[in-house]
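S.K.: Mind having a look at this structure? Questions to follow.
The values are calculated or read from the model by the stated rules, or taken from the named source; none is laboratory data. Since the model is a prediction, treat every value here as computed from it, not as a measurement. Methodologically, a virtual Cβ is constructed for each residue, glycine included, from the backbone with ideal geometry; neighbour enumeration extends over all protein chains shown. Each accessible area value is taken on the protein alone, full model and side chains, heavy atoms only, with ligands, DNA and RNA left out. Shrake-Rupley method; radii C 1.70, N 1.55, O 1.52, S 1.80 Å.
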Amino acid sequence: MATRRELPADVAAAFDRAPEARDRFAAVPADQQAAWLDWIDRARGRRARAGRIDELIRRLLPAAVAEEEVAEPAGPPPERYWWLWLVLLLLLVVGGLLAWYFLSRGSDKAVVPNVIGLREQQAAIKIHDEGLDVLAHTAPSNRPPNVVFAEKPGPGTQLGKGQTVTIFVSSGRLAVPNLIGLQEPQAVQKLQTLGFKVEVKRVASTRPKGIVIDQEPVAGVTAVSGTTVTISVSSGVKPVVVPRVVGQTQGDAVQALTKVGLKPVLQNVPSDKPAGTVVGQKPPAGKEVDKGSKVTVNVSTGTGPATTTTTVGTTTTAAGPVRVPRVAGLAQTPALRRLNTLGLRPTVVYVRSSQPANRVVSQSPAQGTTLRRGSRVRVNVSTGPNPQPNASVPNVVGQDQAAAVQSLRDDGFKVAVLNRPTTDESKGGLVVEEQPHAGSSIPGGSQVTIFVGRFSG
């Protein structure tokens, strides 16, 4: 049996004003009383509560009883939650609209597929099938040539159709690591792990024994897997500094070289210097070599033109003055060829300009300036009004022409080749200079000019 609850103060006060209602409420079963009181307690705010108390009194008064013709008052009226249904209906409408919006836009979206490991053409087809564009960028990687080794943005990214996915395609070439300062076993292991072959050359040095002091190709040069990298490793033996013997007599030169433990190799060459005078040497003075190394000494025969002094490995043309030609306004390649032919050394700098790309916009020194052969001339070349993003020029000095051209093209650059005479047979066919120089940041697709040594005997 339900327990009768104590009346709240405001309900008791209302009954005090209507004793008939109070007596009738007292006759109502306990569970109905509890239902009425709970109904009143659920009212929101004072006004709503007072309204519900009035409703209770109205139903309990005798007049209400006669009108409704019931023996006892019914329970409290049902709660009106119509506003909840309205909120629910509103949520359903909003949800439907959102679903329609996203579903209708679904056809404008695409998910970036995973193309890593595919060949460039297959990867491009797969990306195009998703309604996306492709931009291929060739870069060094240990993956086989023409295989995608990275993509940006990554697989699974959602993009709008027509947006671009950049794929990075392996050139099949790797950057030679920096080995200077490493112990020989570390350097060898590092090269072999990357797929390079190793040739160890032991040289005299003041560095501790077993330390790599030089390497060829230099760090940063890209090369195909299997390329031989020569590392010069310190033998721990103190080196001998080659003395300067050019200008001495043959006898004095031999004595100076043998005194420090070097072996002179004499070679007669035509020269306008007096017979028996040393006019060239290799290695040059100041170079550190192993004790017992050979030094080639060029000795004048007393006959020969006065325009050339021969030093083993180089040719020095008579240092007559050269007038700087006008190259501003020319295309880059003809301008560099003109300077190179005169024995001048161009330095290329790319600059922003509204002029067509690859055109020389200015030079320094100016036209007509007199310089010695071998002097530098700065050439400012236009990038054009809409240059591509910058890229770093790889180091190709020391590579053969074919490898250098391929390396530069793999990095997205155009290549121009100019010849430069040399009497050093070992440099024939190799790049002796590049412009702009290695490490320069220039617009992608720009021209890099390589100067290839041509042995002239």
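S.K.: Under the condition of being closer than 13 Å to Leu179 by Cβ and out of contact with any Ser or Thr (no Cβ under 9 Å at 6 or more places or on another chain), which residue from region 221-236 is most open to solvent (accessible area, probe 1.4 Å)?
M.R.: Only one residue fits best here, namely Thr230.
S.K.: Being assigned to a loop (DSSP other than H, G, I, E, B), under 20 Å from Gly220 (Cβ atoms) and either open to solvent by 30 Å² or more (accessible area, probe 1.4 Å) or free of Cβ contacts under 8 Å to residues at least 40 places away in the same chain (or both) is the filter here, so list the residues in region 160-198 that pass it.
M.R.: Asn178, Ile180, Gly181, Leu182, Leu194, Phe196
S.K.: Hey, which of the strands (runs of 3 or more DSSP E) in region 254-300, taking only ones fully inside, have at least 2 residues that are under 46 Å from the mean Cα position of the chain (by Cα), modelled with pLDDT of 90 or more and surrounded by 18 or more Cβ atoms within 10 Å (Cβ to Cβ)? If you could, list the steps in order and put the result at the bottom.
M.R.: Working: elements: 263-269, 278-282, 294-300.
Answer list for region 254-300: 278-282.
S.K.: Out of all the residues in region 106-120, which are at pLDDT 90 or above and part of a helix (DSSP H, G or I)?
M.R.: Glu120
S.K.: So Thr309 passes all but one of these: (1) at pLDDT 80 or above; (2) surrounded by 18 or more Cβ atoms within 10 Å (Cβ to Cβ). Which condition number does it fail?
M.R.: Every condition holds for Thr309 apart from (1).
S.K.: If you don't mind, another one. Return the residue satisfying two criteria in turn: it lies in region 1-55 and is of a type in the set (Lys, Arg) and assigned to a loop (DSSP other than H, G, I, E, B), and of such residues it is surrounded by the most Cβ atoms within 10 Å (Cβ to Cβ).
M.R.: Only one residue fits best here, namely Arg4.
S.K.: Out of the strands (runs of 3 or more DSSP E) lying entirely within region 367-457, which hold 3 or more residues that are free of Cβ contacts under 8 Å to residues at least 40 places away in the same chain and either closer than 24 Å to Gly220 by Cα or among the hydroxyl-bearing types (Ser, Thr, Tyr) (or both)?
M.R.: Values: elements: 370-372, 376-382, 390-392, 414-422, 431-435, 441-443, 447-455.
Once the strands (runs of 3 or more DSSP E) in region 367-457 are filtered for at least 3 residues that are free of Cβ contacts under 8 Å to residues at least 40 places away in the same chain and either closer than 24 Å to Gly220 by Cα or among the hydroxyl-bearing types (Ser, Thr, Tyr) (or both), what remains is 414-422.
S.K.: Could you run through region 202-220 and say how many residues are surrounded by 13 or more Cβ atoms within 10 Å (Cβ to Cβ) and more than 27 Å from Leu408 (Cα to Cα)?
M.R.: Total meeting the criteria: 10.
S.K.: List pairs: first in region 222-234 and in contact (Cβ under 8 Å) with a residue 40 or more places away in the chain, second in a strand (DSSP E or B) and among the polar types (S, T, N, Q), Cβ under 8 Å, 6+ apart or cross-chain?
M.R.: Val229/Gln215; Ile231/Gln215
S.K.: Still on this model: I need the full set of residues from region 395-445 which are over 20 Å from the mean Cα position of the chain (by Cα), basic (Lys, Arg) and at pLDDT 90 or above, in order please.
M.R.: The answer is Arg420, and nothing else.
S.K.: So which of Ala136, Ala150, Ala223 is more than 17 Å from the chain's Cα centre (by Cα), part of a strand (DSSP E or B), under 28 Å from Gly412 (Cβ atoms) and not charged (D, E, K, R)? Can you show your working first?
M.R.: Working: Ala136 fails: more than 17 Å from the chain's Cα centre (by Cα); Ala150 fails: more than 17 Å from the chain's Cα centre (by Cα).
One residue alone meets the criteria, Ala223.
S.K.: Same structure, new question: Answer yes if at least one residue in region 219-231 is hydrophobic (A, V, I, L, M, F, W, C) and over 30 Å from Pro145 (Cβ atoms), and no otherwise. Even if it seems obvious, please write down each step before you answer.
M.R.: First pass over region 219-231, keeping only residues hydrophobic (A, V, I, L, M, F, W, C): 219, 221, 223-224, 229, 231.
So of that shortlist, the ones also over 30 Å from Pro145 (Cβ atoms) come out as none.
There is no residue in region 219-231 that is hydrophobic (A, V, I, L, M, F, W, C) and over 30 Å from Pro145 (Cβ atoms).
S.K.: Among residues belonging to region 426-457 that are in contact with a Leu (Cβ under 6 Å, 6 or more places away or on another chain) and under 25 Å from Asn386 (Cβ atoms), point out the one that is surrounded by the most Cβ atoms within 10 Å (Cβ to Cβ).
M.R.: Applying the filter and picking the extreme gives Val448.
S.K.: When you scan region 185-202, do you find a residue that is acidic (Asp, Glu) and farther than 24 Å from Asn395 by Cα, even just one?
M.R.: no
S.K.: Among Gly195, Gly156, Gly172, Gly162, which is on the phi > 0 side of the Ramachandran plot and at pLDDT 90 or above?
M.R.: Working: Gly195 fails: at pLDDT 90 or above; Gly172 fails: at pLDDT 90 or above; Gly162 fails: at pLDDT 90 or above.
Within the list Gly195, Gly156, Gly172, Gly162, the selection yields Gly156.
S.K.: Residues in region 135-157 that are small (Gly, Ala, Ser) and either touching a Pro at 6+ places or on another chain (Cβ under 8 Å) or more than 10 Å from Ser171 (Cβ to Cβ) (or both): how many?
M.R.: 4
S.K.: May I pose another question? How many residues, within region 380-425, are open to solvent by less than 70 Å² (accessible area, probe 1.4 Å), closer than 24 Å to Glu120 by Cβ, out of contact with any helix residue (DSSP H, G or I) (no Cβ under 6 Å at 6 or more places or on another chain) and not polar (S, T, N, Q)?
M.R.: Residues in region 380-425 being open to solvent by less than 70 Å² (accessible area, probe 1.4 Å), closer than 24 Å to Glu120 by Cβ, out of contact with any helix residue (DSSP H, G or I) (no Cβ under 6 Å at 6 or more places or on another chain) and not polar (S, T, N, Q): 10 in total.
S.K.: Of all residues in region 352-361, which are of a type outside the set (D, E, K, R), outside any loop (DSSP other than H, G, I, E, B) and open to solvent by 40 Å² or more (accessible area, probe 1.4 Å)?
M.R.: Result: Val361, single match.
S.K.: Could we say that Ser364 is open to solvent by 60 Å² or more (accessible area, probe 1.4 Å), touching a Lys or Arg at 6+ places or on another chain (Cβ under 8 Å) and of a type outside the set (Lys, Arg) here?
M.R.: yes
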